[in-house]
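Here's the structure, in structure tokens; my notes come after.
Any read-out appearing in this document is the output of simple, stated calculations on the displayed coordinates, not a laboratory observation. From a predicted model like this one, the values you see are computed outputs, not experimental measurements. Note that we place each Cβ from the backbone using ideal geometry, even for glycine, and neighbour counts take in every protein chain shown.
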Amino acid sequence: MALKALFLNCTLKKSPEVSNTRAFIDKSITIFKELDVETEVIRVIDYTIKFGNSTDMGSGDQWPAIHNKIKQADIVIIATPVWRGDRGSIAKMVSERMDGLFSDDHNQNDQYMTYNKVAGALVDGNEDGAKKAISSILFDLSEHGFTLAVNPFSYYVGEAGPGPSYIEAEGDKHEFTNNMLLIMVHNMVHLAKLLKDNPYPIKLSQVNQKAKIMSK
């Protein structure tokens, strides 16, 4: 049973500039490969993404291409640097554009197309704010219909204040970060396999109708 993990790299650096966030992603990719999971990385800033909360914001908007990649993935991970104590602006924009998932393609049970997909977060930087960023990302992903495994995140921020980031600080050798990374990847893959075999049975259209009756 083949699984695919999609990383949305929300670095503020355009290709081919070196990205600490990409280095962190690459570390997790090695674990996914050990579990025979296919991976793909999209550096979001390399695309022309318009501001908004719909799947397609019109002429020149390249978000639909990323949207289709999300549809094809079993696991979606948002990776972002910390900026001013929270997730970066690209990660925030991604969350806003994901609002279009509510009204876009639904499956046979009238569920969001994110149902039965697993999601997580990677956060890196050289300042405090990782847990704030993670909490914002995971809440949004859950509300957008993704399923969260146990501890679906890992982070590296180094010491407080200005200083070396993931690559220069050799964050790939940080035991706590790697421990969380291993837990994250193994739990996400386990849950993705379970949902592949046992998708959510709930029919949202029936639930919505029952809610209307209950509310009278």
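Taking amide H as placed 1.01 Å from N in the peptide plane, the amide H of Val41 sits under 5 Å from that of Phe7, each at least 5 places away or on another chain.
Entry for the chain at q = 0.08 Å⁻¹: log10 I(q)/I(0) = -0.28, Debye formula applied to identical alpha-carbon scatterers, no solvent contribution. Annotation: extensible slack from Lys14 through Asn208 equals 65.6 nm (criterion: 0.36 nm per residue apart, minus Cα-Cα distance). Annotation for Ser89 and Leu182: the two label points, set 7 Å from Cα along the Cα-Cβ direction, are 3.9 nm apart. Modelled spin labels at Leu195 and Asp99, positioned 7 Å past Cα toward Cβ, are 2.3 nm from each other. Across the stretch 184-195, coupling constants 3J(HN,Hα) worked out from phi with the 6.51/-1.76/1.60 Karplus curve, θ = phi - 60°, read 4, 5, 4, 5, 5, 5, 4, 5, 4, 5, 4, 5 Hz, and Gly and Pro carry x. Note on the chain: antiparallel DSSP beta bridges, both residues inside, total approximately 10 percent of the bridges counted. Length gained on full extension, Gln108 to Lys69, computed as 0.36 nm times the residue gap minus the Cα-Cα distance: 12.1 nm. Against the chain, whose longest principal axis comes from its Cα atoms, helix 130-143 is set at around 20 degrees. Length gained on full extension, Lys131 to Asn53, computed as 0.36 nm times the residue gap minus the Cα-Cα distance: 25.6 nm. The sum of -39500 (n - 2.57) across all DSSP H runs of n ≥ 4, divided by the residue count of the chain, sets its helix-only mean residue ellipticity at 222 nm to -12000 deg cm²/dmol.
Along the stretch 96-106 the Karplus relation, 6.51 cos²θ - 1.76 cosθ + 1.60 evaluated at θ = phi - 60°, assigns HN-Hα couplings of 5, 5, 5, 4, x, 5, 5, 10, 7, 2, 10 Hz to successive residues, with x for each Gly and Pro. Paramagnetic label reach from Asp172 (point 7 Å along Cα→Cβ; backbone nitrogen cut-off under 13 Å): within the stretch 14-35, residues 19-31. For the chain, the longest principal axis of the alpha carbon atoms and the long axis of helix 63-72 meet at an angle near 80°.
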